[in-house]
Amino acid sequence: MFEPVLLKNVDVQDGHLLSAYEAGGGYQALAKVLRQDTPDEVIDLVKQSNLRGRGGAGFPTGMKWSFVPKRVDRPKYLCCNADEGEPGTFKDRIIMERDPHQLIEGLAVSAYAIGAETAYVYIRGEYVTAIRRLEQAIAEASAKGYLGTRILGSDFNFTVHIHRGAGAYICGEETAMLESLEGKRAQPRLKPPFPAVAGLYASPTVINNVETLVCVPHIVTRGADWFRGIGPDRSPGPKLYCLSGQVRKPGLYELPMGIPLRELVEEHAGGALPGRKIKAVIPGGVSAPVIPEHGLEVGMDFDSLAAAGSMLGSAGVIVIDDATCMVKVATRIIEFFHHESCGKCTPCREGLNWVVKVLRRIEAGEGAPGDLEQLDRLCKGIFGNTFCALGDGAAMGLQAALAHFREEFAAHIEERRCPFH
Amino acid sequence: MTMREKIEEAAARYPDQRSAIMPALLIAQRQHGYLPGPVLEEVADILGVERIWVYELATFYTLFHTEPVGMFHLQLCDNVSCMLRRSEDLLRHLEEVLGIRKGETTPDRLFTLSTVECLGACEMAPVMQVGDAYHGDLDIARIDALLDRLRAEAGHPAAAAAPPGE
């Protein structure tokens, strides 16, 4: 039986308060690294753990940290990506609302490792409760000496600020987030330079997701071997899975990385709604290509999902049943990407506009022969030709829907109506 | 605290005043309900930044409103997870009982109805944000009860004095 680690305080009464966090062993990891570890030792530990970024890309966290130059005459920054906007994802909100100190400790240990004295937590503007809880937790932690100057008697100084977003999915892209933090429109930057070298205010900057950061104190306390012992060795650790859509028990589940998607959906989340059958599952937020029912044996980790032609992404698992039209789902997803395109590059801005028009007419029963081939061409024109991953995610998702459910798309055109209406 | 003091306090968190434009706009919107041109210019003057910088943010991010919104801004999520839980039925019902289409405000200026992208609360889909609060696991009966509560709140003087929703 897997024992939750990241969610262990989430259902505790008043678990968001410092007293509850300390009672569960909170801030012991921070005390430990400040007492006995050099920053490089913390980076090595995180490297050994094989922790990979939980925001979606799965980049090795310790390696990302090691790209930060050691000696620079500028301040270094740690940014926390809490702009959770990937449809189907709600894990970071629940952590910040119910266990904000876990994030603060993760920030403090990570900042110590990279040599940053300031962190900005970029939280999407809609998350008002999460923002209030985190503000309260920062005040509590500062009063108790876990934040501020000479933390726990060491030479480490560290301050956490909250930056509230204002509604733009693209801010989840790390360089767009930096633009937004600098008070600009959130449009992704050209790389290189990478943020580790020249990020926020042109200073060395590390950007990590909330879930990534909260793994760090547990790695410090329990060791890299413990972390690597959970799930696949190259993609290990406890993992948060967000279950939603047409499933009996939607909710947040913490289980080992690599758990079969079928077990997650059918055993943990209770399977399909009464009288329905599962038709397909989107495993990692709407940027992740859809997996048809017969593919649900795949393991929920970065490498297994990539091999299966999809991705773990944000682990927003959206269950779709047999009463649902895949053209409608695909149309809604592309409408989302079209709405959220920042407008910087042409393939994304114009290509998605075109795709939306074609999909809407197919769903309305007004599709024409050749429309599916037109969609194939548009996907090819977008994928790999956009400035950031937003356009790629949109194109990959649509290509997968067209590949797995082509007959359903074709039926709309042949019958001149949506067969589900 | 005055709006200026709140904005100056927020600006102290950053090494560059330009970074404070977003928090300043959120503060100004809470104060004024929305962000008309003169408010944008006031924000620029308080921070001592270019006015165009303020305008370009106010028109890029969806939580900023350059037009007035009703006292209660009903923001119904219709992204995939909510759609799969029949958010469309709720939208149709809201349009019917409020007598407006999405994007519109009731003539009494009580309600503005919008659909929004994923609110990040899919475990309680279908979900709607009203002001700061999330309302989840919605059905038509719960929507009706919520509208009744909001109307009652609007009749209450304390509620009427509160700033309009964002």
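Filtered by the rule that a residue be in a helix (DSSP H, G or I) and either among the polar types (S, T, N, Q) or buried (at least 16 other Cβ atoms within 10 Å of the Cβ) (or both), segment A:332-348 gives A:332, A:333, A:334, A:335, A:336, A:337, A:338, A:340, A:346, A:347, A:348. Here residue A:175 does not qualify as within 11 Å of chain B (Cβ to nearest Cβ), of a type in the set (S, T, N, Q) and out of contact with any helix residue (DSSP H, G or I) (no Cβ under 7 Å at 6 or more places or on another chain). Filtering segment B:29-37 for residues that are in contact (Cβ under 8 Å) with a residue 60 or more places away in the chain, within 14 Å of chain A (Cβ to nearest Cβ) and in a strand (DSSP E or B) leaves an empty set. In segment A:348-370, the residues that are under 14 Å from residue A:328 (Cα atoms) reach residues that are of a type in the set (D, E, K, R) with C-beta atoms within less than 6 angstrom, at least six apart or across chains, in these pairs: A:356/A:335; A:358/A:371; A:362/A:371; A:363/A:328; A:365/A:416; A:365/A:417; A:367/A:361.
Select, from B:120, B:99, the only residue that is out of contact with any strand residue (DSSP E or B) (no Cβ under 7 Å at 6 or more places or on another chain) and within 11 Å of another protein chain (Cβ to nearest Cβ).
On the way: B:99 fails: within 11 Å of another protein chain (Cβ to nearest Cβ).
When all the criteria are applied, what remains is B:120.
Looking at B:50, B:9, B:41, just one residue is under 24 Å from residue A:118 (Cα atoms), surrounded by fewer than 22 Cβ atoms within 10 Å (Cβ to Cβ) and not assigned by TED's automatic domain parsing to the domain that holds residue B:135, and that residue is B:9. Looking at segment A:14-46, which of the residues that are touching a Phe, Trp or Tyr at 6+ places or on another chain (Cβ under 8 Å) and in a loop (DSSP other than H, G, I, E, B) is nearest to residue A:65 (Cα to Cα)? Looking at residues that are touching a Phe, Trp or Tyr at 6+ places or on another chain (Cβ under 8 Å) and in a loop (DSSP other than H, G, I, E, B), I get A:27.
Look at residue A:298 and say whether it is crowded, with 17+ Cβ neighbours inside 10 Å and not assigned by TED's automatic domain parsing to the domain that holds residue A:397.
On the way: crowded, with 17+ Cβ neighbours inside 10 Å: yes; not assigned by TED's automatic domain parsing to the domain that holds residue A:397: yes.
Answer is yes for this residue.
I'd like to check something: does segment B:105-114 contain any residue that is surrounded by fewer than 21 Cβ atoms within 10 Å (Cβ to Cβ) and under 23 Å from residue A:328 (Cα atoms)?
First, the residues of segment B:105-114 that are surrounded by fewer than 21 Cβ atoms within 10 Å (Cβ to Cβ): B:105-110, B:114.
After this cut, where a residue has to be under 23 Å from residue A:328 (Cα atoms) as well, the list is B:114.
So far as segment B:105-114 goes, yes, one or more of its residues are surrounded by fewer than 21 Cβ atoms within 10 Å (Cβ to Cβ) and under 23 Å from residue A:328 (Cα atoms).
Could you say which residue among A:355, A:327, A:319 is closer than 30 Å to residue A:179 by Cα and not small (Gly, Ala, Ser)? Going through A:355, A:327, A:319 in turn, just one is closer than 30 Å to residue A:179 by Cα and not small (Gly, Ala, Ser): A:355. None of B:114, B:87, B:81 is at the interface with another protein chain (Cβ under 10 Å from one of its Cβ atoms) and modelled with pLDDT of 95 or more except B:81. Scanning segment A:65-111 for residues that are under 29 Å from residue A:283 (Cβ atoms), part of a helix (DSSP H, G or I) and β-branched (Val, Ile, Thr) turns up A:94, A:95. Cβ-Cβ distances below 6 Å connect the following pairs, each with a first residue in segment A:85-109 that is within 14 Å of another protein chain (Cβ to nearest Cβ) and in contact (Cβ under 8 Å) with a residue 40 or more places away in the chain, a second residue that is part of a helix (DSSP H, G or I) and aromatic (Phe, Trp, Tyr), and a separation of six or more residues or different chains: A:85/A:169. Of note, residue A:263 does not satisfy the criterion of being crowded, with 23+ Cβ neighbours inside 10 Å and not aromatic (Phe, Trp, Tyr). So for segment B:52-62 (the condition being outside any helix (DSSP H, G or I) and either in contact with a strand residue (DSSP E or B) (Cβ under 7 Å, 6 or more places away or on another chain) or more than 10 Å from chain A (Cβ to nearest Cβ) (or both)), does at least one residue qualify? No: segment B:52-62 contains no residue that is outside any helix (DSSP H, G or I) and either in contact with a strand residue (DSSP E or B) (Cβ under 7 Å, 6 or more places away or on another chain) or more than 10 Å from chain A (Cβ to nearest Cβ) (or both).
Does residue B:92 satisfy the condition of being more than 14 Å from chain A (Cβ to nearest Cβ), within 30 Å of residue A:251 (Cα to Cα) and surrounded by fewer than 20 Cβ atoms within 10 Å (Cβ to Cβ)? Quick ask: steps written out before the conclusion?
Details: more than 14 Å from chain A (Cβ to nearest Cβ): yes; within 30 Å of residue A:251 (Cα to Cα): yes; surrounded by fewer than 20 Cβ atoms within 10 Å (Cβ to Cβ): yes.
So residue B:92 fits the description; yes.
The values are calculated or read from the model by the stated rules, or taken from the named source; none is laboratory data. All values reported here derive from a predicted model rather than from experimental measurement. A quick note on method: Cβ atoms are made from the backbone with ideal geometry, for glycine too, and the neighbour counts reach across all protein chains shown.
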